[in-house]
1. Working out 0.36 nm times the residue gap between Lys27 and Val93, then minus their Cα-Cα distance, what length gain in nm do you get to one decimal?
2. Grab the other residues whose beta carbon is less than 10 angstrom from that of Trp85, score K and R as +1, D and E as -1, and report the net.
3. Below 11 angstrom from the Cβ of Trp110, what's the summed charge of the other residues (Lys, Arg +1; Asp, Glu -1)?
4. Taking the Cβ of Ile31 as the centre, find all other residues whose Cβ is under 15 Å away and add up their charges (Lys, Arg: +1; Asp, Glu: -1).
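What follows draws every value from the coordinates through simple rules; no lab data is involved. Note that the structure is predicted; figures quoted are calculated from it, not measured. A quick note on method: Cβ atoms are made from the backbone with ideal geometry, for glycine too, and the neighbour counts reach across all protein chains shown.
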Amino acid sequence: MFWEAHPWKSGFLRSRAMKRGFRERAKWPLIWQHAEAENWPAMQALGDDHDWARKTGAGFVAEQGKERLFLIDRDWFGWPDPPQWGLASVDTVTETWNLWGNFSDLPAAWTVPDPLYGPEQSSP
């Protein structure tokens, strides 16, 4: 699995902490649901990629303990763009946001439904 920091120019210590956080969450047996537009935070919380996922329905949401997690499925990915998947979360108690990076393959512990829109379908 290829993983990169988000943003990719994060410093060394921030990048290492982000990767540790991703690896921890990759072990959680998350069951993802298709995210509705109202499930996503405002764009300023997570940036353009997550706003695009909110607008197009190309993302998923899951909860684990006090964390709400957001998974984006990009339809454009690979060099020079980021990997296909992106992960962020919010602590529902402190409302602290975290980005956990971008990655090429889904962790085995996660259950993710099929995308709403495949190659033969188009988004509304």
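1. Between Lys27 and Val93, full extension yields 21.6 nm more.
2. -1
3. +1
4. 0
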